[in-house]
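To start, the structure under review is shown below, and the notes come after it.
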Amino acid sequence: MSIALGVATSLAAGIVTAAPIDNAPLKGLAWRNVGPHRGGRVVAVAGVTSQPHAYYFGGTGGGVWKTTDGGIRWLNVSDGQLGTGSVGAVAVAESDPNVVYAGMGEACIRGNLSEGDGVYRSTDAGKTWKNVGLKDTRIIGQVRVHPANPDLVYVAAFGHAFGPNAERGIFRSKDGGAHWEKVLFVDDKTGAVDLAMDPTNPRVLYAAFWQAVRRPWSMESGGPGSALYKTTDGGDTWSKLADENLPKKSVWGRIGVTVSPANPNRVWAIIEAEDGGVFRSDDAGRTWRKTNDERRLRQRAWYYTHIYADPRNAESVYALNTGFYRSLDGGKTFTAIPVPHGDNHDLWIAPDDPRRMIESNDGGANVSFDAGVTWSSINNQPTAQFYHVVTDTRFPYYLYGAQQDNTTVAIASRTSEGGIDRVDWYPVEGCESGYVAVDPSDPMVTYAGCYDGVIDRYDRRTGQSRNVNVYPDNPMGWGAEGMKYRFQWTFPIVASPHDPKTVYAGGNILFKTTNGGQSWTAISPDLTRNDPAKLGPSGGPITKDNTSVEYYCTIFAMAESPREKGLLWVGSDDGLVHVSRDGGAHWTNVTPKDLPEWSMVSQIDPSPHDAGTMYLAANRYKLDDNRPFIYVTRDYGQTWSKIVAGIPDGAFVRVVREDPVRKGLLYAGTERGVFVSLDDGGRWQPLQMAVPGTVTAAASPAPPPAPSPSPSPSASPSPADEKLAGKLPVVPVTDLVVKDNDLVVSTQGRSFWILDDVSPLRQMSGNVAGDDVHLFKPAPAYRFFGGTRPSPLVGQNPPSGALVYYTLKAAPKANEEVTLEVLDSSGKVLKKLSSKEDKDKVEAAGGGDEEGFGPPPAPRTIPARAGLNRFPWDLRVEDASRFKGMILWGGLTRGPVLPPGTYQVRLTAAGKALSQPLEVRKDPRLATGDDDYRKQYDLLLKIRDKVTETHDAITRIRETRDQVKGVAERARGHKAIADAADALDKKLTGVEEALYQTRNQSSQDPLNFPIRLNNKLAALAGVVSGDAAPTDQSYVVYEDLTAKIDAELARLRQVIDTDVPAFNALVREQNVPAVVIKPAAKG
């Protein structure tokens, strides 16, 4: 195999460099959460003693969440304020529940863990948060607050997971985090992982220290630094606990510790050691005895080892592992309690009611009010952790990924219903860790991976799954040294963009199948460093943990060029990059020369525009180096350029992609969100991120909330919601792809997100920011409609119709108007929208019900802010007119949806009129022809116009009658005028009651008072709507109804033309002011 190492060079010519822009032109872009709403890993929970239905949890990537209805609904309360997403501990002050602390970074140190940035404090029950220091602790295992002083707080800081550091141990603050003291420190390789406080004497604390380190190729739990400590003076001095009955056959690993509030002399510890188990002290830690050594309580100890005392029963204690266990005999025997998900990590029990608790696991957080007999759901938390994301060729397209400690997921990107719900996603075999590859020619066929080299071929139509592993030798429990082929925990499985029958899989060698996995062919040598020193077992000196997470020297990223068949790129987790230009027959090492050794090549993206161009994302976070690394080559790897300007240290990069439409438009997924570059990596900036400062702290703390004796509704939207709308939270982004016009991302803690329509980014240039006004060409819009009901329990649909983007250099002045018009090919205006509210339309829309389901929405105005504006237009032309108080049952006054075709949008602002073409497309799944759409549209226009004519007539009737009544009032005593007014009123009312049911006053009155002609015709519009030509009978009903309406309108004209003039003449004879008729509206 030949070797050719690359050298760095400057960016090649050919990319138009965009001038630097500020964030204002990006603010109109909007992200949405797709889901699934299925919980991800949670290691931190807390409740509020005085509020039985209020609880918090901290997600391992998802921030802080709160419920005020006992877990029925959860709302994120930290977005826009936290600098990192992973929460390791949450604590509520007993003396003031407004004070809440969040310690960042999870202490269950998985290979894909996310580190944090210290401690945050809230003084208004979670509404706002402030970082109060300890930023370099990275991982916090526990936070304890003095029960009588909310400003006296202790932190158990584990420190860096991937290397030594000094900011670890036990820290104390006496002023709410303004200043910190390190009161207990062992060494720079050992950190504090648990902390227990005696609630009857808070000067007594027990601290658990853990010596552990992760490396890319191993997890080492245990060492001489692991130990238990105790203080009796609030942390001023500490003593190391020792006893002949504590483990002594080996070093200790992870430790959990708890104090019984019912008997504070009783202390439990669960200790990882060769002779470890559950230990109990009945004399406050002076002496100990082992009460239980079952493996089920201490298996995989580095990931669990949690223990919690019952606050009222000194004999009751809980231990958390894969299962949730309770002992009622002082820790001697334990019984499993069913919980919604396995792999359990934290527990909070109400001090005054041990039946009330919140527990967390790898599936989320769940609340119980009956000591674990029943639990709240975890399927209401969009905090899933996904390793990767791909999409398919369906319409609407689906997203695919594997959720940590759960199943794979295929989920709809949008639906025609009120959101993206449980019925809109399903598993595709594989398991929690794998890639998913979708057959490009048949989205019903997928290849999904799992750890230990598992690959499942799944056919959605039949439900048949077939295991097609490259080498089906189960390696469980063995280190990498025992493998013939090494497959990483999340090894790449990639479908060829040129041949749907070709699928690649990466171990330490690249494999290919062309027959659905029936056989695999090795098409490369070992493309890794293959260092024997890094191919041993993992787990440490006590408990081995060989799951393939630490299998090293493996292919971690692979891609085939979409421009050139057989051009293959491979990146390894030990820092090598190889390329083959002949389908794998020959390989060249093209590793960037300045890529630090042993870096992980996380993702590879061959350019969709140029065969010789490839982008790669690399990271070194598992080597305790969180700097970003992105490289580009334009000559097949001969030379490379590093392109990370603008991405801060700490935001290490997992993925980079080039936009398939605009060359040099790049997207990067990092540990702290998504960044975008408009100039081929010359400069990066956050892409609509809810960065810290988006939501600011309140000027003063809120008063303590009153105790909640019964379930209360979840928190209503706060003023912060508007600032957060459309922004992606600070969350680790694991992968991203550009699908059609959308940017799709997978996250480690917030499920899937989509940025709908990147058209403005594709069209953005330096000139745009300087223009007084700019209108972007809209992306093609589809006749596909679905909304999102206001619920935190479902994924969001995109706005229906067309997204129209435009920039304004400055907001219009009070007397200035911005308008947006839609025109047909002849230049006729079909719809006009304004930045100013039409008061007449608002008044007409108010006070009535449409379709029997509440009042219709008020006419919408378009935004007119400085910067980028986004307006979703629903493809409907002008509505039929309405009148105040109108009640319709099953009737539509909305304008018809445009048929497929080419139209124009015209923006008028700042004295300029700008136009862009707009293409409306049909749902590609439908066979409906253009003629059928035109027939439907034409009939709907006729219905709309006749409904408008009818409603305008009703308005004229009411205005005329009001004037007649006014004249009669002024002419009291004139019997002839009174009789004439009465006769005229009866004729007007007769026509009105034929056209409209005047007795309807509320939405379901039509069930009692039959609807009239206007409602029948408006209801026919609903029958004709959809995506098909009108039925023959629809035309028959239309002709029948319009004939009847026309007859009534003729009666009205007779009254207006004959009876009203006669009434006026009579009034003039009596010198009473006459009735004035407004002219009928034209058209």
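The values are calculated or read from the model by the stated rules, or taken from the named source; none is laboratory data. Owing to the predicted nature of the structure, the values given are computational and were not obtained by experimental measurement. Heads up, the Cβs are rebuilt from the backbone with ideal geometry, glycines too, and the neighbour counts pull from every protein chain shown.
Values for this structure:
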quantity: Residue ranges of strands (runs of 3 or more DSSP E) in region 50-162 with at least 1 members crowded, with 24+ Cβ neighbours inside 10 Å and more than 20 Å from the chain's Cα centre (by Cα); calculated: 51-59, 87-92, 100-104, 119-122, 140-145, 153-157
quantity: Top-ranked residue of region 165-207 - restricted to ones that are part of a loop (DSSP other than H, G, I, E, B) and basic (Lys, Arg), ranked as surrounded by the most Cβ atoms within 10 Å (Cβ to Cβ); calculated: Arg168
quantity: Selection from region 717-741 of residues that are farther than 28 Å from Ala781 by Cβ, surrounded by fewer than 20 Cβ atoms within 10 Å (Cβ to Cβ) and either over 19 Å from the mean Cα position of the chain (by Cα) or modelled with pLDDT of 85 or more (or both); calculated: Pro719, Lys723
quantity: Hey, Ala978 more than 57 Å from the chain's Cα centre (by Cα) and not assigned by TED's automatic domain parsing to the domain that holds Asp840 or not; calculated: yes
quantity: Enumeration of residues in region 1021-1035 that are surrounded by 14 or more Cβ atoms within 10 Å (Cβ to Cβ) and in a loop (DSSP other than H, G, I, E, B); calculated: Ser1025, Asp1027, Ala1028, Ala1029, Pro1030
quantity: Test result for Pro899, surrounded by 19 or more Cβ atoms within 10 Å (Cβ to Cβ), part of a loop (DSSP other than H, G, I, E, B) and at pLDDT 95 or above; calculated: yes
quantity: Subset of region 283-307 [over 22 Å from Asn546 (Cβ atoms) and either aromatic (Phe, Trp, Tyr) or in contact with a Cys (Cβ under 7 Å, 6 or more places away or on another chain) (or both)]; calculated: Trp288
quantity: Of all residues making up region 930-940, the number that are farther than 12 Å from Leu1017 by Cα and surrounded by 15 or more Cβ atoms within 10 Å (Cβ to Cβ); calculated: 5
quantity: From Asp610, Asp582, residue being surrounded by fewer than 23 Cβ atoms within 10 Å (Cβ to Cβ), charged (D, E, K, R) and within 33 Å of the chain's Cα centre (by Cα); calculated: Asp610
quantity: Residue that is in contact with a helix residue (DSSP H, G or I) (Cβ under 8 Å, 6 or more places away or on another chain) and in contact (Cβ under 8 Å) with a residue 24 or more places away in the chain, where the choices are Thr807, Thr819; calculated: Thr807
quantity: Of the criteria (1) among the small types (Gly, Ala, Ser); (2) part of a strand (DSSP E or B); (3) touching a residue at least 40 places away in the same chain (Cβ under 8 Å), which one Ala913 fails; calculated: (3)
quantity: Some residue of region 347-355 being outside the structural domain of Asn76 (by TED's automatic domain parsing) and basic (Lys, Arg); calculated: no
quantity: Conditions (1) more than 18 Å from Val186 (Cα to Cα); (2) without any contact (Cβ under 8 Å) to a residue 60 or more places away in the chain; (3) not aliphatic (A, V, I, L, M); number of the one not met by Lys240; calculated: (1)
quantity: Qualifying residue in region 513-523 (condition: closer than 30 Å to Leu623 by Cα, out of contact with any Cys (no Cβ under 8 Å at 6 or more places or on another chain) and not aromatic (Phe, Trp, Tyr)); calculated: no
quantity: Some residue of region 462-475 being closer than 30 Å to Arg789 by Cβ and assigned to a strand (DSSP E or B); calculated: no
quantity: Region 998-1020 residues that are part of a loop (DSSP other than H, G, I, E, B), paired with ones that are among the acidic types (Asp, Glu) (beta carbon under 6 Å, 6 or more apart); calculated: Ser1003/Asp849
quantity: Elements of type strands (runs of 3 or more DSSP E) in region 593-654, at least 1 residues being outside the structural domain of Pro562 (by TED's automatic domain parsing) and of a type in the set (Phe, Trp, Tyr); calculated: 614-620, 625-633, 639-642
quantity: Criterion (surrounded by 15 or more Cβ atoms within 10 Å (Cβ to Cβ), modelled with pLDDT under 95, closer than 16 Å to Arg958 by Cβ and in the same structural domain as Glu959 (by TED's automatic domain parsing)) met by exactly one of Val1055, Val1067, Val991, Val1075; calculated: Val1075
quantity: Region 472-502, residues that are out of contact with any Ser or Thr (no Cβ under 8 Å at 6 or more places or on another chain) and without any contact (Cβ under 8 Å) to a residue 24 or more places away in the chain; calculated: Pro472, Asp473, Asn474, Gly482, Lys484
quantity: In region 520-554, the residues that are without any contact (Cβ under 8 Å) to a residue 40 or more places away in the chain and at positive phi; calculated: Asn530
